[in-house]
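Asks: Handing you this structure, nothing more for now.
The values are calculated or read from the model by the stated rules, or taken from the named source; none is laboratory data. Bear in mind that the values here come from a model prediction, so they are computed numbers and not experimental data. Cβ placement follows ideal geometry from the backbone for every residue including glycine, while neighbour counts extend to all protein chains displayed.
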Amino acid sequence: MAKTYKEINEKIAAGKAVVVDAEEIIDIVKKDGLKKTAEKVDVVTTATFGPMCSSGAFVNFGHSTPPIRMSKIYLNDVECCGGLAAVDTYIGATQPGEKTGIEYGGAHVICDLIDGKDVLLKAYSPGTDCYPRKELRTYININEMNEAYLYNPRNCYQNYGAAINTSSKRLYTYMGILQPNGQNITYSTAGQLSPLLNDPYFRTIGMGTKIFLAGAQGYVAWYGTQFKTSVEREPNGVPVGGAATIAVVGNMRDMSTEYIKPAVYEGYGTSMFVGIGIPIPVLDEEMLKYLSVEDKDIYTYVYDYSDRSSEDNIIARVNYADLKSGCVEINGRKVRTSPMTSMAKSRQIAAVLKELIQKGEFILNEPVMKFPQDNKLNSITIREKSKRK
């Protein structure tokens, strides 16, 4: 029998909702079957904690006296985006520091703000009649700002390609260090616990979906950049390799650096680990079928990062059960594997979200807009002049 959001939320409010995580549901379905489990279980929590480079924060400083229209802005010597308005800015997680380089960048500033630390604000302006101040230097913290909210344009990849390096040279990448001659493979997903893999056709995840974001209650704001749903899929609906993403938003004042942390990748740059948990309602048996997907049935491609000249550099096709085992066989040779995503932290987030729902402190939101199902991904074509007339 199908359930509605209203019915499930009423059970949550009454403290009667049955909530399990996306790993627990697998064994429950095997034991009791789809029909019985769909009747019994109301919500399945999913989660991931991994590097999400396309992240950042909008902040508003408030006006000084006399006021300034900030055109060059720095927080702890990390350049922020000007051109938004007088005292608004966006700081990107991967922006390196002017003096510190990748050792201290935008992700570090964001986490320092969440921790309530003072950060150095420097701003410059050519000056105008209405904004006469030309320079500002002061310390500021999150409690003195008008607004400070995380807005991440591309998080929580539905699936992602694994990485290998077949060249004779060590490579330093956003997928970590890739040793020469195919000595290691890195991958980035929580697999069967990962949110978008448990809702492959976005039946419940859309604009307005309430999520756990870095310790706070946040929302899916839009579909993410590089959102791709017109992809190769397994019979279970799961895409093979990189596919859809989501844009997310949440109040930084409610966040905790237990669930969001800066990261530095040697030879590459700064990134940020973001913790995201998404509750998925068990609306019917079809939804439950997607929610009981296992690592052994989720596949991705292994790409050779020593050849970035095309997308045809596929070395192998593997599933996440094998990747998580620590070793896969490639062309008759065993290759060690390692995750970029923390499964321990992902499981912790799924458990925390589960507890919040059981206590009635987290109510589900039905999406106000569904995401496109036939979206393709464009890429840059190098040309001298537009062909449009």
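Asks: Can you confirm whether Glu39 is part of a strand (DSSP E or B) and surrounded by fewer than 23 Cβ atoms within 10 Å (Cβ to Cβ)?
Replies: Here the answer is no, as Glu39 does not meet what is asked.
Asks: Give me the residue from segment 349-389 that is among the hydrophobic types (A, V, I, L, M, F, W, C) and part of a loop (DSSP other than H, G, I, E, B) and, out of that set, farthest from Val274 (Cα to Cα).
Replies: Within segment 349-389, the match that is farthest from Val274 (Cα to Cα) is Ile382.
Asks: Could you tell me whether Ala13 is over 21 Å from the mean Cα position of the chain (by Cα), exposed (fewer than 14 other Cβ atoms within 10 Å of the Cβ) and in contact (Cβ under 8 Å) with a residue 60 or more places away in the chain?
Replies: yes
Asks: Any residue in segment 45-60 that's surrounded by 24 or more Cβ atoms within 10 Å (Cβ to Cβ): show its pairings with residues that are among the acidic types (Asp, Glu) and part of a strand (DSSP E or B) at Cβ separation under 8 Å, as long as the two are six or more apart or on different chains.
Replies: Once the first residue is surrounded by 24 or more Cβ atoms within 10 Å (Cβ to Cβ) and sits in segment 45-60, its partners that are among the acidic types (Asp, Glu) and part of a strand (DSSP E or B) give Thr45/Asp21; Thr46/Asp21; Ala47/Asp21; Val59/Asp88; Val59/Glu147.
Asks: Related question: Kindly establish whether Tyr201 is in the same structural domain as Pro339 (by TED's automatic domain parsing), part of a strand (DSSP E or B) and at pLDDT 95 or above.
Replies: no
Asks: Ile73 passes all but one of (1) touching a Cys at 6+ places or on another chain (Cβ under 7 Å); (2) touching a residue at least 60 places away in the same chain (Cβ under 8 Å); which number fails?
Replies: (2)
Asks: Please count how many residues of segment 331-389 are in contact with a helix residue (DSSP H, G or I) (Cβ under 8 Å, 6 or more places away or on another chain) and basic (Lys, Arg).
Replies: Adding up the residues that qualify gives 2.
Asks: Out of all the residues in segment 286-306, which are acidic (Asp, Glu) and surrounded by fewer than 18 Cβ atoms within 10 Å (Cβ to Cβ)?
Replies: Hits for segment 286-306 are Glu286, Glu294, Asp297.
Asks: Let me ask you something else. For segment 361-384, state whether one or more residues are surrounded by 12 or more Cβ atoms within 10 Å (Cβ to Cβ) and among the β-branched types (Val, Ile, Thr).
Replies: Yes, some residue in segment 361-384 is surrounded by 12 or more Cβ atoms within 10 Å (Cβ to Cβ) and among the β-branched types (Val, Ile, Thr).
Asks: Turning to a different aspect of this structure: With the requirement that a residue be free of Cβ contacts under 8 Å to residues at least 24 places away in the same chain and under 22 Å from the mean Cα position of the chain (by Cα), what does segment 308-347 give you?
Replies: Ala344, the sole residue that qualifies.
Okay, residues lined up against (1) among the small types (Gly, Ala, Ser); (2) in contact with a helix residue (DSSP H, G or I) (Cβ under 8 Å, 6 or more places away or on another chain):
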position	(1), (2)
Asp199	no, yes
Phe212	no, yes
Ala216	yes, yes
Thr229	no, no
Arg253	no, yes
Val264	no, no
Glu286	no, no
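Asks: Could you please let me know if Arg137 is without any contact (Cβ under 8 Å) to a residue 24 or more places away in the chain and not in a loop (DSSP other than H, G, I, E, B)?
Replies: Taking the combined requirement at face value, the residue satisfies it.
Asks: Can you tell me which residue within segment 246-268, out of those that are small (Gly, Ala, Ser) and over 30 Å from Lys370 (Cα atoms), is surrounded by the fewest Cβ atoms within 10 Å (Cβ to Cβ)?
Replies: Residue satisfying both the conditions and the ranking: Gly267.
Asks: Additional query: Residues that are closer than 17 Å to Val293 by Cβ and either modelled with pLDDT under 95 or of a type in the set (A, V, I, L, M, F, W, C) (or both): does segment 204-222 have at least one?
Replies: Yes, segment 204-222 contains at least one residue that is closer than 17 Å to Val293 by Cβ and either modelled with pLDDT under 95 or of a type in the set (A, V, I, L, M, F, W, C) (or both).
Asks: Let me ask another. How do the pairs read when you match residues in segment 363-376 that are free of Cβ contacts under 8 Å to residues at least 12 places away in the same chain with residues anywhere that are surrounded by 15 or more Cβ atoms within 10 Å (Cβ to Cβ), using Cβ under 6 Å and keeping only pairs 6 or more apart or on different chains?
Replies: That search, which allows pairs on different chains as well, returns nothing.
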